[in-house]
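Below: one structure, written as structure tokens.
The values are calculated or read from the model by the stated rules, or taken from the named source; none is laboratory data. If you're wondering where the values come from, they're calculated on a predicted model, not measured in any experiment. As a convention, Cβ positions derive from the backbone with ideal geometry for all residues, glycine included, and neighbour counts pool all protein chains shown. To get the accessible areas, we keep the full protein, side chains included, count just its heavy atoms, and leave off ligands, DNA and RNA. Shrake-Rupley method; radii C 1.70, N 1.55, O 1.52, S 1.80 Å.
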Amino acid sequence: MTSHDLTTELRDLDSTLQTVETVLDLDSLNKEKSELESIAAEPGLWDDPEKAQQVTSRLSHVQGELNRVTGLRSRIDDAGVLLELAAEETDEGTLTEAREEIASLRKLVDELEVRTLLSGPYDEREALVTVRSGAGGADASDFAEQLMRMYLRWAERHKYATEVYDVSYAEEAGIKSATFAVKAPYVYGTLSVEQGTHRMVRISKYDNQGRRQTAFAAVEVVPVVEQTDQIEVPDDEIRVDVYRASGPGGQGVNTTDSAVRLTHIPTGLVVTCQNERSQLQNKASAMNVLMAKLLQRKRAEEEAEINELRGDVTASWGDQMRTYVQHPYQMVKDLRTGWETNQPDVVLDGDIDGLIEAGIRWRKQRQAERAAAEAAV
């Protein structure tokens with residue numbers, strides 16, 4: 001890119017960041033930051049550890065958002081100075097440095113812009129992710145385990161904390177299902193576009209004739225329940241079963257009946273947890289997961305009622321939302337957004353930001369189109 005092209009690109013970045021700053025409402029964020037700092041400084045804050053954790057977590061998030069925006073604003077201003085120097089001195093080295101900085105800024109500003117598209121009622125929450133194997137036998141179980149690893153690696157890349165609550169291993173290979181939490185603000189809104197059926201096409205590792213196999217796995221993403229959520233579950237609607245936790249190959253994790261299975265009798269929802277050695281801890285974790293699933297179910301039922309009134313029969317994305325192909329060619333393609341790459345191994349190693357960003361933009365566009373259609377009626 002020439003110096004003129006870079007100047008145009010920098011102006012575009014500046015304009016985009018101004019829009020982001022308006023959407024984020026920096027004045028409100030600074031006001032909230034001051035209020036949270038005052039609460040955090042109160043001597044008795046940690047008398048209520050749960051409230052203290054919520055306050056400090058929110059304060060950290062608000063500070064992070066403000067630092068991110070102000071940091072980008074400063075870097076854009078500095079990049080402008082760098083371009084001016086390059087033009088004045090006709091310095092190719094300085095121009096190259098400016099080019100690299102503007103490319104880096106484009107990625108960061110785009111990521112921040114996508115964050116502003118997360119405006120759903122639960123988007124700012126942490127996420128609970130469940131991966132289940134589908135049709136395809138051992139290949140499906142193996143694929144489900146690959147997807148689990150993909151999301152955990154994605155979280156690791158972003159330095160998000162994770163906690164695996166339960167893994168049910170398949171007999172031959174891979175997993176039947178797994179549930180884990182990703183703990184960071186806005187992770188639910190970010191990962192919710194990953195919900196749906198994923199398809200893998202490859203040469204089967206479990207077919208002695210080396211034939212091509214198609215396998216399916218389902219991904220479910222729900223928001224973590226908070227105290228303000230109105231979800232009441234009577235004790236007599238939950239059946240509690242305990243059993244001995246175990247790992248792959250039947251090896252015992254411990255020698256006590258610490259694993260817990262909760263069944264919500266009215267809906268048939270089943271949740272298990274065996275990551276802790278304490279039965280009480282496993283029951284508490286399982287209850288959190290169950291409440292999150294019930295909240296998601298309640299929200300889905302409310303949306304279904306609204307869509308039925310609207311006559312909207314295209315509210316869901318359908319059974320298959322993405323295909324991963326490792327044979328006879330290399331490809332990952334999202335069937336909703338059209339985003340694709342010829343590097344499935346890179347994607348399965350956790351590099352899914354491009355897919356997620358395209359999914360969030362696609363969802364926002366669909367929402368805008370639906371709103372416009374309703375307004376026209």
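Laid out as a table, the results:
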{"read-out": "Charge tally in the Cβ shell below 14 Å around Leu105, where Lys, Arg are +1 and Asp, Glu are -1, Leu105 excluded", "value": "-4"}
{"read-out": "Segments 138-147, 342-351 sorted - mean Cβ within 10 Å per residue, highest first", "value": "138-147, 342-351"}
{"read-out": "Most mobile of Thr116, Thr267, Thr179 in a GNM of the chain (Cα contacts under 10 Å)", "value": "Thr267"}
{"read-out": "Crossing angle, helix 137-157 versus the chain [Cα axis fit, 0-90 degrees, rounded to tens]", "value": "40"}
{"read-out": "Most mobile listed residue (Arg115, Arg239, Arg149) in the chain, GNM with C-alpha springs under 10 Å", "value": "Arg239"}
{"read-out": "Percent of beta bridges antiparallel (DSSP, the chain, rounded to nearest 5)", "value": "90"}
{"read-out": "Mean Cβ count within 10 Å, highest first, over the residues of peptides 55-68, 36-49, 213-226", "value": "213-226, 55-68, 36-49"}
{"read-out": "Of (i) 202; (ii) 170; (iii) 129, the label for volume of the Cα convex hull per residue in Å³ derived from the coordinates", "value": "(i)"}
{"read-out": "Portion, in percent, of the accessible area of the range 1-62 that falls on carbon or sulfur, probe 1.4 Å", "value": "49"}
{"read-out": "Mean residue ellipticity (222 nm) of the chain, computed from DSSP H runs ≥ 4 via -39,500 (n - 2.57), nearest 500", "value": "-17500 deg cm²/dmol"}
{"read-out": "Environment charge at Leu290 (Cβ cut-off 12 Å; Lys +1, Arg +1, Asp -1, Glu -1)", "value": "+3"}
{"read-out": "For the chain: accessible area per residue (Å², 1.4 Å)", "value": "54"}
{"read-out": "Rounded to 10°, Cα long-axis angle of helix 92-115 versus longest principal axis of the chain", "value": "40"}
{"read-out": "Percent accessible area from carbon and sulfur atoms, the range 77-209, protein chains only, probe 1.4 Å", "value": "45"}
{"read-out": "Among Gln146, Gln63, Ala79 the positive-end extreme of the charge dipole of the chain (Cβ point charges)", "value": "Gln146"}
{"read-out": "Listed residues Thr90, Tyr186, Ala173: farthest to the positive end of the dipole of the chain (Cβ charges)", "value": "Ala173"}
{"read-out": "Set of lysines near Lys333 by C-alpha distance (under 20 Å), chain-local residues within fewer than 8 positions excluded", "value": "Lys364"}
